[in-house]
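Laboratory data are not the source of any read-out in this text; all were calculated from the coordinates shown. As the structure is a computational prediction, the values presented were derived from the model and not from experiment. Cβ placement follows ideal geometry from the backbone for every residue including glycine, while neighbour counts extend to all protein chains displayed.
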Amino acid sequence: MNVGLAWRPELAWTIERNRESLAITEFVVENFDAKALPRPLLDLARGGMTVVPHGIGLSLGSGDPPDRARLDRLARAAEAVSAPFVSEHIAFVRGGGRETEHLLPVPRTREALEIVIENVREAIARLPVPLVLENIAHVFEWPEDEIEDAEFVSTVLRETGARLLLDVANLAANARNFGWDAMCWLDRVPLDRVAYVHVAGGVSGCDGFYHDTHEHSLAEPALALLAEVSARIPAAPILLERDGNYGTREEIEAELAAIAGVTRGTRRVA
Amino acid sequence: MSLDARKRLAAREGAVVAALTEGGPPPAGFEPKALEIAARVVAKKIERVGRKRSRSFSLFPAKR
């Protein structure tokens, strides 16, 4: 089963119980001291599991170049777990001296595209392993957007050599909230450059918006999209993210089983 | 890319962040309602991250 579960302290026991059947895990770099990572996480890496440092704070879509200290921290984390690559996002998280703690969409203009490419190249030059970039769930779109998202993402990957962390839940959320055509998006990005896949749960709010919370069960549209992605790139590992409302170990294992079922084509999706 | 382009992007993103985190006016071109949902999402995230950082979590809690 080419399935994984994101490492969180609350999920450490679930991962330990299932370590023989899990192919991959990842941890949020900003949540830990890269020089003193949790022992269970290091044990997984030493035991041969692929462990990916996942950054959320580089802000590669900012007007400022990526921060050297954050890059060094990501590099140290990669070395600590012998990671084959590290991952980050095509997004910005701060501006005007304020932190948002949330991944925000970059304006899809040609000018911003060039800046993202420069930032990503600078990050790659300072990292000891390849960089993988994730598509995010948008919470708004810019009025000045002039490039389709698939083209924006594809150009960044092509011009920098970075690979793609394909988040199907984010893509499904963008299709639901902004009317994107997810299938066309998949047609237009280089799926041969996918390093691994993310999936997570969310919920439809009273505001009419689908919220990619990582705190709810997997939604049917994300599972349907996952089935499509799995059919197109069957070898790509699929990693379940959960960041709250962890429930019981059995509930998480049921989510992992649902993912495995989708990838085997044994679970019907709407 | 020129320094001016970076400054333009930083200013535009800074204005959005101010609107999302401090209730500032929507930046030029945005519909007034376009950022309301985003502001709620960001507020929740800031609160959640603050809560997580304010507690220490141990895999091996001390016996009580």
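Partner chain Cβ atoms within 10 Å, averaged over the residues of A:101-108 - can you pull that number for me? Can you show the working numbers first?
Numbers: counts 11, 12, 1, 7, 2, 2, 6, 0.
The shielding value for this peptide is 5.
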With +1 on each Lys and Arg Cβ and -1 on each Asp and Glu Cβ, how big is the dipole of the protein assembly as shown about its Cα centre, in debye rounded to the nearest 20?
1200
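Give the order of A:Asp67, A:Asp149 when sorted by the count of other beta carbons within 10 angstrom, beginning with the fewest. Spell out each step's value before the answer.
Details: A:Asp67 15, A:Asp149 22.
Fewest to most other Cβ atoms nearby, the residues stand as A:Asp67, A:Asp149.
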Give me the percent of DSSP beta bridges within segment A:1-101 that run antiparallel, rounded to the nearest 5.
20
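What's the average, rounded to a whole number, of partner chain beta-carbon atoms within 10 Å of each residue's beta-carbon in B:37-47? Don't jump to the answer; show the numbers that get you there.
Details: counts 8, 8, 3, 5, 12, 6, 3, 4, 7, 5, 1.
Mean number of neighbouring Cβ atoms from other chains: 6.
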Considering only DSSP beta bridges with both partners in chain A, what is the antiparallel share in %, to the nearest 5?
15
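Report the net charge of residues surrounding B:Ala28, where surrounding means a beta-carbon distance below 14 angstrom and charges are Lys +1, Arg +1, Asp -1, Glu -1. Don't skip to the end; give the middle numbers.
Numbers: positive: B:Arg8, B:Arg12; negative: A:Glu144, B:Glu13, B:Glu31.
Once positives and negatives cancel, what remains is -1.
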Cross-link reach from B:Lys7 to aspartates and glutamates, straight Cα distance under 15 Å and at least 8 residues apart if same chain, gives A:Asp64, A:Glu111, A:Glu114, A:Glu118
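Averaged over its residues, how many other protein chain Cβ atoms are within 10 Å of peptide A:86-97's Cβ atoms?
On the way: counts 0, 0, 0, 0, 0, 0, 6, 3, 5, 12, 11, 3.
Neighbouring Cβ atoms belonging to other protein chains average 3 per residue here.
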Among the aspartates and glutamates, which have Cα under 19 Å from the Cα of A:Lys35 when same-chain residues fewer than 8 positions away are ignored?
A:Glu26, A:Asp43, A:Asp67, A:Asp72, A:Glu79
So what's the protein assembly as shown giving for Cα Rg divided by 2.2 N^0.38 Å, two decimals?
0.95
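Could you list A:Ser59, A:Ser217, A:Ser204 in order of exposure, starting from the residue whose Cβ has the fewest other Cβ atoms within 10 Å? Can you show the working numbers first?
Details: A:Ser59 27, A:Ser217 16, A:Ser204 13.
In increasing order of surrounding Cβ atoms, one gets A:Ser204, A:Ser217, A:Ser59.
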Segment A:107-150 - Rg and Dmax from Cα coordinates, angstrom:
12.5, 37
Segment A:131-200 - convex hull of alpha carbons, volume per residue in Å³
90
So which aspartates and glutamates pass the test for B:Lys33, namely a Cα distance under 18 Å, with those fewer than 8 places away in the same chain ruled out?
A:Glu141, A:Glu144, A:Asp145, A:Asp207, B:Glu13, B:Glu22
Taking every DSSP beta bridge that has both residues in segment A:147-242, what percent is antiparallel when rounded to the nearest 5?
20
